[in-house]
Amino acid sequence: MAANQIVESGTRQFIVVKIGAEQFGIDINYIDNIVRMQKITRIPKAQHYFKGVINLRGEVVPVMSIRLKMGLEDDEFTNVTRIIIVKIEPQEALGIIVDEVKEVVTLEQSEIERVVKDSREEKSSFINGIGKHNGELISLFDLNSIIVDNA
């Protein structure tokens with residue numbers, strides 16, 4: 001019982017990003033780097049949501065459009081567009097294109113509502129919770145479901 005209480009009172013940090021008009025949170029533990037938009041080399045016959053690869057300090061990193069993966073319109077690159085490098089596995093990095101990186105927020109467990117996944121709604125399957133911060137809602141990404149290739 002005591003271990004459960006520790007989990008309930010724990011805090012988690014998220015990078016808040018904008019994709020379109022919505023705010024999303026990415027668990028900071030999975031973020032390796034945030035880089036400015038750069039030239040992406042296309043890869044033939046890749047899934048439509050994979051934009052290609054970038055060279056990040058000698059490492060070839062695949063880059064995907066989270067907008068296309070969620071069934072939204074294609075990315076429009078601006079001076080605030082960023083590629084967030086995430087690492088789920090220690091060796092494998094993946095770049096995710098976001099419209100803008102806003103801030104880092106710390107959420108208490110009590111500020112996070114779990115989301116029941118609806119298999120019919122593709123976009124909701126990428127979210128595992130909703131965070132409440134300063135009166136705003138932040139959809140929290142389930143990175144594992146985003147990077148799994150289910151196409």
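Hey, could you check the stretch 20-31 for residues that are touching a residue at least 24 places away in the same chain (Cβ under 8 Å) and not in a strand (DSSP E or B) and say which is nearest to His133 (Cα to Cα)?
Per the criteria, the residue is Ile28.
Name every residue in the stretch 85-100 that is among the aliphatic types (A, V, I, L, M) and buried (at least 17 other Cβ atoms within 10 Å of the Cβ), in order of residue number.
Answer for the stretch 85-100, where residues must be among the aliphatic types (A, V, I, L, M) and buried (at least 17 other Cβ atoms within 10 Å of the Cβ): Ile85, Val86, Ala93, Leu94, Ile96, Ile97, Val98.
Say we look at the stretch 51-63 and pick out the residues that are within 10 Å of Gly95 (Cβ to Cβ) and not charged (D, E, K, R); which of these is surrounded by the fewest Cβ atoms within 10 Å (Cβ to Cβ)?
Across the stretch 51-63, the extreme among qualifying residues is Gly52.
Please verify whether Thr41 is in contact with a strand residue (DSSP E or B) (Cβ under 7 Å, 6 or more places away or on another chain) and over 22 Å from Asn128 (Cβ atoms), treating the condition exactly as stated. If you could, list the steps in order and put the result at the bottom.
On the way: in contact with a strand residue (DSSP E or B) (Cβ under 7 Å, 6 or more places away or on another chain): yes; over 22 Å from Asn128 (Cβ atoms): yes.
Against the criterion (in contact with a strand residue (DSSP E or B) (Cβ under 7 Å, 6 or more places away or on another chain) and over 22 Å from Asn128 (Cβ atoms)), Thr41 qualifies.
Would you point out the residue of the stretch 5-54, among those that are over 16 Å from the mean Cα position of the chain (by Cα) and among the hydroxyl-bearing types (Ser, Thr, Tyr), that is modelled with the lowest pLDDT?
Out of the qualifying residues, it is Ser9.
Could you check the stretch 67-102 and list, in sequence order, the residues that are aliphatic (A, V, I, L, M) and more than 19 Å from Lys39 (Cβ to Cβ)?
First, pick out the residues of the stretch 67-102 that are aliphatic (A, V, I, L, M): 68, 70, 72, 80, 83-86, 88, 93-94, 96-98, 101.
Within the stretch 67-102, Met70, Leu72, Val86, Ile88, Val101 meet the criteria.
What are the residues in the stretch 64-84 that are among the charged types (D, E, K, R), surrounded by 14 or more Cβ atoms within 10 Å (Cβ to Cβ) and farther than 17 Å from Val148 by Cβ, if any?
Arg67, Asp75, Arg82
Which pairs turn up if I take residues in the stretch 64-83 that are under 16 Å from Gly52 (Cα atoms) and look for partners that are among the basic types (Lys, Arg) and part of a helix (DSSP H, G or I) with beta carbon separation below 7 Å, at least 6 apart in sequence or on another chain?
Asp74/Arg67; Asp75/Arg67
The values are calculated or read from the model by the stated rules, or taken from the named source; none is laboratory data. Because the structure is a prediction, the values reported are computed rather than measured. Glycine also receives a Cβ, built like all others from the backbone with ideal geometry; neighbour counts cover every protein chain displayed.
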